[in-house]
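Coordinate-derived values only; no laboratory data. It should be emphasised that the depicted structure is a prediction, and the values quoted were computed from it without experimental measurement. Please note: Cβ atoms are built from the backbone with ideal geometry, for glycine as well, and neighbour counts cover all protein chains shown.
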Amino acid sequence: MVNFVHIYIIQILMNPHILQEANWKEIEKARLKVAILPWGATEAHNYHLPYGTDTIMAQKIASDAAFRANKKGAGAIVLPPIHYGVNTGQLEVKLCMNLNPSTQQSILQDILFVLEEHNIDKLIIVNGHGGNQFQPMIRELSLEFPDTIVCTLNWWKICNENEFFKEPGDHAGELETSCMLSVAPALVAPLESAGPGKERKLKLDGFREKWVWTQRRWVMISDDTGVGNPAASTPDKGAKFIECCTEKLARFIQEFSKVRSEEDMYEAE
């Protein structure tokens, strides 16, 4: 009797839409249409959030959205997340891990090769880290994989953050902290331990007006690695923002799963 109960509990906990939790019997018979790749980073987030914040959140949003979309026949599978992102501007911060963009492209190329081998011709990269920029890679890899449609999104931008937070912040502020308090509160240190997340801004007009870009050197802009004050963070704010993003992404996955070719994405004349 105990064995049957144990097996039943395992079956409840398994998520066949998450590749690293599924087994071959489930995957072999599944009619998969869309692969979803959560891509985060491993980097410091002030004194109160874990290094894995970006990856934890990207995985959460991707998995929950795929689950909802699959209820409507999307045939989505969430691939194991990539825990490393581009952190070339944070190398002075202890154990901020870095993947160069060229390395990311090689990883993406290998993943696309496997997907092509198994006739999955749609990939969504759910990005959780601002330093990751996949557009140039997608452009180049489209020449090698012309029959695979690859798209990318920064999940933090799916919904308007200003509708949920008074001061969202750019890094480990009210937005990120509220989301982590909602999803993984045990990994969040007491907010009293957090630094204020004060940012030293670039002083040249072009940078301040945002029509000139340069990489920010993190130790020069923040004393605590945060950009944005987390003091007003609450799990309720995070839950509402996450719900908005998850629902919109689920709708997109469902719509995207119905696309048969690149031409199918454009309006008919």
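Tabulated data for the structure shown
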{"item": "Against the rule of thumb 2.2 N^0.38 Å, how large the Cα Rg of the stretch 19-124 comes out", "result": "1.21"}
{"item": "Unit charges on C-beta of K, R, D, E only; dipole of the stretch 112-225, Debye", "result": "540 debye"}
{"item": "Residue-averaged [θ]222 nm for the chain, counting only DSSP H segments that reach four residues, each worth -39500 (n - 2.57)", "result": "-12000 deg cm²/dmol"}
{"item": "Under 5 Å, built H, 5+ apart or other chain: amide partners of I36", "result": "I77, V78, L79, I124"}
{"item": "Calculated from backbone phi, Karplus (6.51, -1.76, 1.60) coupling profile of the stretch 211-216 in Hz, x at Gly/Pro", "result": "9, 10, 10, 8, 5, 7"}
{"item": "Relative packing of 189-196, 262-269, which averages over residues the other C-beta atoms within 10 Å, highest first", "result": "189-196, 262-269"}
{"item": "Electrostatic dipole magnitude of the stretch 48-145 [Cβ: Lys, Arg +1; Asp, Glu -1; Cα centre; debye, to 20]", "result": "480 debye"}
{"item": "Any cysteine of the chain lacking a neighbouring Cys Cβ under 4.7 Å - listed by number", "result": "C96, C151, C179, C245"}
{"item": "Check: the chain dipole with +1 on Lys, Arg Cβ and -1 on Asp, Glu Cβ, in debye", "result": "420 debye"}
{"item": "Among the listed pairs K60/K122; K94/K240; K210/K248; K71/K248, those beyond 26 Å (Cα-Cα)", "result": "K94/K240; K210/K248"}
{"item": "Residue-by-residue Karplus 3J(HN,Hα) for the stretch 243-253, coefficients 6.51, -1.76, 1.60, Hz, glycine and proline x", "result": "4, 4, 5, 5, 5, 5, 5, 4, 5, 5, 4"}
{"item": "Amide proton proximity set for G85, modelled H, under 5 Å, gap of 5+", "result": "T42, L99"}
{"item": "Residue of V114, V34, V150 that the Gaussian network model of the chain assigns the largest fluctuation, springs spanning Cα pairs under 10 Å", "result": "V114"}
{"item": "Solution diffusion estimate, µm²/s, Stokes-Einstein, the stretch 30-255, Kirkwood Rh from C-alpha pairs, 25 °C, viscosity 0.890 mPa s", "result": "134 µm²/s"}
{"item": "Karplus-derived 3J(HN,Hα), 6.51/-1.76/1.60, for each residue of the stretch 29-34, Hz, glycine and proline x", "result": "8, 6, 9, 8, 10, 9"}
{"item": "Spatially proximal aspartates and glutamates relative to K157 (Cα-Cα < 14 Å; intrachain offsets below 8 disregarded)", "result": "D54, D170, E176, E243, E247"}
{"item": "Amide proton proximity set for N229, modelled H, under 5 Å, gap of 5+", "result": "E174"}
